[in-house]
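Engineer: One structure follows; several queries about it will come next.
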Amino acid sequence: MANLCGDENMLQAYEQGRDLHTETTALLEGLGLFTKLKITHPDLKRRMAKTTNFGILYGVGAYSLAPRLGVPEAEAQRIINAFYKGYPKAKPWQQEQVAHAKKYGYVETFLGRRLYTPCALAEEGFLAVHGANQAANYPVQGGAAEIVKAAMLRAEDFLVCQVHDELLYLVPEIRKEEYEQYLAKALVDKRHRVPYTVDVHIGRTWGDIKAIPDVWEDEEE
């Protein structure tokens, strides 16, 4: 989303190694949300920040964000307004996608692949809202899929499984260090201002690599 909308604040956050979920946690803290909801656990605060980030960047409005955060709709709108104030180019970019979808019935990824959004052609009601969410979401999700597919083509040896933005390689023991170094370079996508970096983890089982409690507790990821 940062690379697509070109928002300077969002881009600089990534370039400086800052974490957007941490920054949104601070935003929610500053708005007094955690005090009102009596939330003190840092993991729960971060989860709410993720819900806010993903929800807004995927195009949901206050009506949909409010129940996800457990706050009144007016409070959700206040959070959305504060988010867009911090990232001023995010909303105009989303509005451009919605306008394009309403006019042509599709949006495009950064590679120009068309993603059709027939619901966006509806004039009102649930379908129109759903179509607007699709228009804001599809270029992000569709572009992410293209980035992962391109990475798979660049490093296809020993690849056995793909789960969203994670790739699983089954590599001979004798080559694990060599292939780890290779993947750390080969999988990086540098086609945008902020490159898509790679973390490599080695283990004999999926459980060694992906901690089960992390999967259970972090629904957003």
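Engineer: Please find, among 84, 182, the residue that is in contact with a helix residue (DSSP H, G or I) (Cβ under 6 Å, 6 or more places away or on another chain), surrounded by fewer than 19 Cβ atoms within 10 Å (Cβ to Cβ) and not in a strand (DSSP E or B).
Structural biologist: Going through 84, 182 in turn, just one is in contact with a helix residue (DSSP H, G or I) (Cβ under 6 Å, 6 or more places away or on another chain), surrounded by fewer than 19 Cβ atoms within 10 Å (Cβ to Cβ) and not in a strand (DSSP E or B): 84.
Engineer: Regarding residue 3, is this residue touching a residue at least 60 places away in the same chain (Cβ under 8 Å), under 27 Å from residue 190 (Cα atoms), touching a Phe, Trp or Tyr at 6+ places or on another chain (Cβ under 9 Å) and open to solvent by less than 40 Å² (accessible area, probe 1.4 Å)?
Structural biologist: Yes.
Engineer: Of all residues in region 87-132, which are buried (at least 21 other Cβ atoms within 10 Å of the Cβ), outside any strand (DSSP E or B) and under 18 Å from the mean Cα position of the chain (by Cα)?
Structural biologist: 87, 90, 94, 97, 132
Engineer: I'd like to know if region 203-217 contains one or more residues that are modelled with pLDDT of 90 or more and surrounded by 11 or more Cβ atoms within 10 Å (Cβ to Cβ).
Structural biologist: No; the residues of region 203-217 include none that is modelled with pLDDT of 90 or more and surrounded by 11 or more Cβ atoms within 10 Å (Cβ to Cβ).
Engineer: On to the next question. Would you please name the residue that is nearest to residue 77 (Cα to Cα), looking only at residues in region 6-23 that are small (Gly, Ala, Ser) and open to solvent by 20 Å² or more (accessible area, probe 1.4 Å)?
Structural biologist: In this case the residue turns out to be 6.
Engineer: Mind checking which residues of region 24-75 are crowded, with 16+ Cβ neighbours inside 10 Å, in a helix (DSSP H, G or I) and β-branched (Val, Ile, Thr)?
Structural biologist: Residues satisfying the conditions are 24, 25, 51, 52, 56.
The values are calculated or read from the model by the stated rules, or taken from the named source; none is laboratory data. Owing to the predicted nature of the structure, the values given are computational and were not obtained by experimental measurement. Please note: Cβ atoms are built from the backbone with ideal geometry, for glycine as well, and neighbour counts cover all protein chains shown. Heavy atoms of the whole protein, side chains included, go into the accessibility calculation; ligands, DNA and RNA do not. Shrake-Rupley method; radii C 1.70, N 1.55, O 1.52, S 1.80 Å.
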